[in-house]
1. Using the Kyte-Doolittle scale, find the helices of the chain whose mean hydropathy is at least -1.0 and whose Cα atoms extend 15 Å or more along the helix's long axis, counting only whole DSSP H runs.
2. Whole-Hz Karplus ³J(HN,Hα) for segment 444-449, in order, using 6.51 cos²θ - 1.76 cosθ + 1.60 and θ = phi - 60°, x for Gly and Pro?
3. Where does each of 377-385, 517-525 land if you order them by average Cβ count within 10 Å, highest first?
4. How about residue 511: which lysines have a C-alpha closer than 20 Å to its C-alpha, ignoring those fewer than 8 places off in the same chain?
5. Enumerate the amide H contacts of residue 369 below 5 Å, restricted to partners 5 or more residues apart or on another chain; note that Pro and chain-start residues carry no placed amide H.
6. Tell me, how many Å apart are the Cα centres for segment 101-157 and for segment 60-89?
7. Just to be sure I understand: of the beta bridges DSSP finds with both ends in the chain, what percent are antiparallel, rounded to 5?
8. At 0.36 nm per residue, minus the direct Cα-Cα distance, what do residue 600 and residue 69 gain on full extension? Give it in nm, one decimal, please.
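Taken together, the values in this text are just the output of simple stated rules run on the coordinates, not laboratory data. No experiment lies behind these values; they were computed from the predicted model shown. Please note: Cβ atoms are built from the backbone with ideal geometry, for glycine as well, and neighbour counts cover all protein chains shown.
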Amino acid sequence: MKAEIKKNVFLIWDSGNVPSSKRQKVFIWNNIHHEYDPSYISIPKLVDENAEKLKSRYLEWIYDLGESNVAGKKVIDHLEVRKGFSYWWMTSIAQKFNASDSSEVNNVIKLLQFESLVNNNPPSSIELVTENKRLILVLKDYCERRKLDFNYSLITKPIEKEPIVKAIYKAMPYYFQAFIYFIWTIINKLPYLLKFKKSSNSPEFKICFIDVFNHLDEKSIETGKFISNYWTILAEKLFSSKNKITWNHNYTGSKSFPNIGCASKLNKKFNETGASMQEHYIIDEYLNIFVLLKMVRDYFKINLKIFRDEQFKKLFHVNDSSICLWYLFCDEWHDSIKGRGAIVNLLKLALFEYYFSTFKKQKVGVYVQENQPWEMALVYAWKMNGHEKLIGVPHTTVRFWDLRYFYDPKTYTNGSLNKLPTPDFIAVNGPVAKKIYADNGFPKTSLVEAEALRYFHLNKKISNSNTATKKNNEVTVLISGDFLLSTTHVMLNMLSTVCENSNINLNLIFKPHPGQHVNLEKYSDLNISVSNDSLSNLFEICDVVFSSNITSVAIDAYYQQLPLIQINDRNGFNMSPLRNMKDVIYVNNSSEFKKALFSFEKKTEQKERDANEYFFLNKDLPKWEKILDINLL
């Protein structure tokens, strides 16, 4: 006897398992393509089909939230911490970082898509199966507003073991978390608090680069010579052409530099090999008691005047919608205003203000741009201290769904005093990035062209004559690890299933993401080896490249003419830099991966792909010479 079909019931299925019973309408929440009943509706697939509209609507909602009026003032103006600078731009909500496991941004976009379906065919009831408590609260509130019945099943997550101290810290109120992190900062940075440093750069140093103390070539660590994977041959040419440059590094903990002392030792070597033409500074070493006091003042300034949750919650209603997004974002908001996030952000603001006040007037400033909160503080502090041209450099690719890079177009024309802090120019590294910025409303007059410093190797084609493996009927797959460990494990589990259930002989080479350590013990059944060799060398010996959806490694493989398989993001969003490009296969499961491998075997020779269509790749760097107004010969 067939299961009874409940009429006019919408079931949202936010689980990896197959729905246990038939409903009239089943909506798959986290798979763009699924192996379920063909009548089921994939929300991510609909999002992909309506991407432009949904993306614009979400950016508009963020803009409207900042412009909302509370007690006679805009939210942006309530959060003014300096004249002309609002802390709003440093909050995680304004940052819109949706490429993380903890982000709820993609759920918002899916909710907007789902509501359009509800409006077209109103149900009598909505049911939800999920492990996301926040999503339950949002849909419960939504159904109450729409007078719909609502039922849910909460899937219990496997409990991940974590240190007891960390668990206790996360359970504390946000103010306590902020206080503990503040004390930890004092203890950790005590050697620098007691010193009063002043920048020693002379008036001849007029060009200033700002980046993160990361992405250094291994040879740099061994020799003490500054070799940066951010700036590549530009740094070399600046040195050999005897241009006087100041390099300023933000410290972030990493496997190579677990503490600031390790970074300082290498930085000292950079200065020793700089031959008085290159000066290197770690910005965090300039922390002092006055910077800390200023940060404390700003923290209380924000928290004493900020409105109550009850007032702010009302602002999270989406225009022309019954959706209230407060439950998805309240934790992010509290952390940005009251918690550790507030301490981190406000410390950067005070530190940058002090740091750039010690510099002689700079003619040009160039910084790595990802629109992180610290960059907003950098832009403000740079301009406040009277330095000249500031240029932001997106150093890899600009992806359609990486929302950090995009704002509602009204943001750029808003005449508000506390408007978005933007550099004078953004240096786009190719025709694709230039078009994406222009299409998304960024002022074309503020775009300048610059050679893609991280992609010159694409001009040199690899031989890719991996005949040895082919003779043994063995396929060598290069696995590019993702910055999210969860994604990397999904990829490896997928390959385990392929090897277990087929006769395909896979030779796997795993290249970890920089700074991430992956324990491969649980994948002992795989013929897998770990390599930190360069991509160009690894491409020479592989047949297929397997990467996550978001990584820029895909670009390298694609323009080296290699077969490329990308795993779709679990949320179903195509965040690939190759979105809408031909000859890229996206997979969701092991069977699709297996099918993709066979499709490459049958594929006839294809037209050669030209990386110059994506990037500016002249190694003489004429565009950079123009930007910096110097000679690099």
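1. Helices meeting the criterion: 51-67, 105-120, 133-146, 174-188, 260-273, 289-305, 326-337, 340-357, 373-384, 485-500, 590-602.
2. Here the 3J(HN,Hα) series is 5, 5, 9, 9, 10, 8 Hz.
3. Ranked by mean Cβ neighbours within 10 Å, highest first: 377-385, 517-525.
4. Once the sequence-local lysines are set aside, what remains near residue 511 is 219, 255, 522.
5. Close amide H contacts, sequence-distant or interchain: 393, 395.
6. First find each Cα centre; the distance between them is then 29 Å.
7. 10 percent
8. Details: separation 531, 0.36 × 531 = 191.16 nm, distance 5.63 nm.
Taking residue 600 through residue 69 to full extension adds about 185.5 nm, to one decimal.
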